[in-house]
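The values are calculated or read from the model by the stated rules, or taken from the named source; none is laboratory data. All of these numbers come straight from a predicted model, not from anything done at the bench. Here Cβ is always computed from backbone atoms with ideal geometry, including for glycine, and neighbour counts include all displayed protein chains. Surface accessibility is based on the protein's heavy atoms, side chains included, excluding ligands, DNA and RNA. Shrake-Rupley method; radii C 1.70, N 1.55, O 1.52, S 1.80 Å.
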Amino acid sequence: MSVSMKPTRRSILGGLAATGLVCATRPGLAQSVPASTDPLIPERRAEQEAMRARMMAALKYERITVPGGRALAEWERLKRIGRGWPVIIGGDEDLARIADQFTMDDPAVSGVRLPDTKLRSPAEILATAKQLRFPTDLRKWPGTYQPNDLGAPIGEWPSEVGQVLPGPSIATDILSGKVLDRVHILLIPARFGWEVPAYLRWGDWNACPPPEYHVAALRTWHAAFGAELVAINGDTMNLRAANRPKTRDAAMALARDQYGYCPDIVDQGAASVAALAAILMASEWWFFWWD
């Protein structure tokens, strides 16, 4: 896999974290740290809270908060009323991470003007995405896994299908599996779910592609399978497909494309392309996760 050595928004904010200006458990996400770790913690905590406030203020999309058990029903209700595209975000920490990604290139929020970066509007991202063809053009992004980097076995068709999602995973706690008490839903001023990554400026870290590539992928799968974006948090997407692949060959082709787009779902999940393909035939829910 090719790796760029030029400074990136993540590496620079990681440097800020090392100096104590930003404390992060994941790159770019400001969080509190124990008061005993540094005598200057009140000042640092104040700066962190101020940055968090700027992040949240910049994320101006309408927000609805419901119990996690009602998240999908509320998503469906909001989709019916047609005031934009609803997307389930998850809990409070998930919302903060979405705001973090949305404002990462915004010097008015971070106080840092990063080299070779530009705060792009949703319209600019969508215009770039319109020129992309998925999956062919994904390989042009320098951070993508090339075919020889994708080492998972094709595998035999499984006799039993692996675990399938019963609904959007983002409405539950990933460790306990319990439904979250509070879940946020954002109403995005978009006509289609595949446009949402552009409106959230979502992606462009580690092996997670920039937002225009997500737009291109989701647009392609919406046309082919009726796949709709239901939920997204800091590193995960949940899609629901109205039309599952009807043959093993079609499922294998889809699984190969999904593996190239999001290697972790096989490398750290299904373990083989055939196992993922079987899940795609068995379930309407698609799961993507980038480490």
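Of all residues in segment 208-225, exactly one satisfies the criterion of being open to solvent by 10 Å² or more (accessible area, probe 1.4 Å) and in contact with a strand residue (DSSP E or B) (Cβ under 6 Å, 6 or more places away or on another chain), namely F225.
Just to check your reading of the model, which residue among L114, L126, L200 is touching a Phe, Trp or Tyr at 6+ places or on another chain (Cβ under 8 Å), buried (at least 17 other Cβ atoms within 10 Å of the Cβ), of a type outside the set (K, R) and in contact (Cβ under 8 Å) with a residue 24 or more places away in the chain?
Details: L114 fails: touching a Phe, Trp or Tyr at 6+ places or on another chain (Cβ under 8 Å); L126 fails: touching a Phe, Trp or Tyr at 6+ places or on another chain (Cβ under 8 Å).
Only one candidate qualifies: L200.
For first residues located in segment 167-182 and farther than 16 Å from W289 by Cβ and in contact (Cβ under 8 Å) with a residue 24 or more places away in the chain, partners that are open to solvent by 50 Å² or more (accessible area, probe 1.4 Å) and acidic (D, E) and lie 6+ apart or on another chain with Cβ distances below 9 Å form the pairs V179/D173; L180/D173; R182/D92. Here segment 258-271 is the region considered, the condition is being open to solvent by 30 Å² or more (accessible area, probe 1.4 Å) and more than 17 Å from the chain's Cα centre (by Cα), and the residue that is nearest to W205 (Cα to Cα) is D267. Scanning segment 125-138 for residues that are assigned to a helix (DSSP H, G or I) and under 19 Å from the mean Cα position of the chain (by Cα) returns I125, L126, T128, A129, L138. Has segment 158-176 got at least one residue that is surrounded by fewer than 17 Cβ atoms within 10 Å (Cβ to Cβ), among the charged types (D, E, K, R), touching a helix residue (DSSP H, G or I) at 6+ places or on another chain (Cβ under 9 Å) and at pLDDT 95 or above? Taking every residue of segment 158-176 in turn, none turns out to be surrounded by fewer than 17 Cβ atoms within 10 Å (Cβ to Cβ), among the charged types (D, E, K, R), touching a helix residue (DSSP H, G or I) at 6+ places or on another chain (Cβ under 9 Å) and at pLDDT 95 or above.
Based on what the data block shows, is I41 modelled with pLDDT of 80 or more, open to solvent by less than 40 Å² (accessible area, probe 1.4 Å) and under 28 Å from W141 (Cβ atoms)?
Numbers: modelled with pLDDT of 80 or more: yes; open to solvent by less than 40 Å² (accessible area, probe 1.4 Å): yes; under 28 Å from W141 (Cβ atoms): no.
Criteria not met by I41.
Across segment 153-204, the qualifying residues are those that are hydroxyl-bearing (S, T, Y) and assigned to a loop (DSSP other than H, G, I, E, B), and the one among them that is farthest from the chain's Cα centre (by Cα) is S159. Hey, can you tell me all the residues within segment 209-263 that are closer than 21 Å to A274 by Cα and β-branched (V, I, T)? If the condition is that a residue be closer than 21 Å to A274 by Cα and β-branched (V, I, T), then T247 is the only one that fits. Contact map, segment 213-233: first residue in contact (Cβ under 8 Å) with a residue 24 or more places away in the chain, second residue among the polar types (S, T, N, Q), Cβ cut-off under 6 Å, separation 6 or more or different chains; pairs are F225/N243; V230/N238; A231/N238. Taking first residues from segment 44-71 that are assigned to a strand (DSSP E or B) and partners that are open to solvent by less than 40 Å² (accessible area, probe 1.4 Å) and among the charged types (D, E, K, R), the Cβ contacts under 6 Å between residues at least 6 apart in sequence or on separate chains come to V66/E74. Being on the phi > 0 side of the Ramachandran plot, surrounded by fewer than 18 Cβ atoms within 10 Å (Cβ to Cβ) and modelled with pLDDT under 50 is not true of G15.
Return the only residue of A274, A278, A231, A255 being open to solvent by less than 50 Å² (accessible area, probe 1.4 Å), among the small types (G, A, S) and in contact with a Phe, Trp or Tyr (Cβ under 6 Å, 6 or more places away or on another chain). Working first, answer last.
On the way: A278 fails: in contact with a Phe, Trp or Tyr (Cβ under 6 Å, 6 or more places away or on another chain); A231 fails: in contact with a Phe, Trp or Tyr (Cβ under 6 Å, 6 or more places away or on another chain); A255 fails: in contact with a Phe, Trp or Tyr (Cβ under 6 Å, 6 or more places away or on another chain).
Selected residue: A274, the only one of A274, A278, A231, A255 that is open to solvent by less than 50 Å² (accessible area, probe 1.4 Å), among the small types (G, A, S) and in contact with a Phe, Trp or Tyr (Cβ under 6 Å, 6 or more places away or on another chain).
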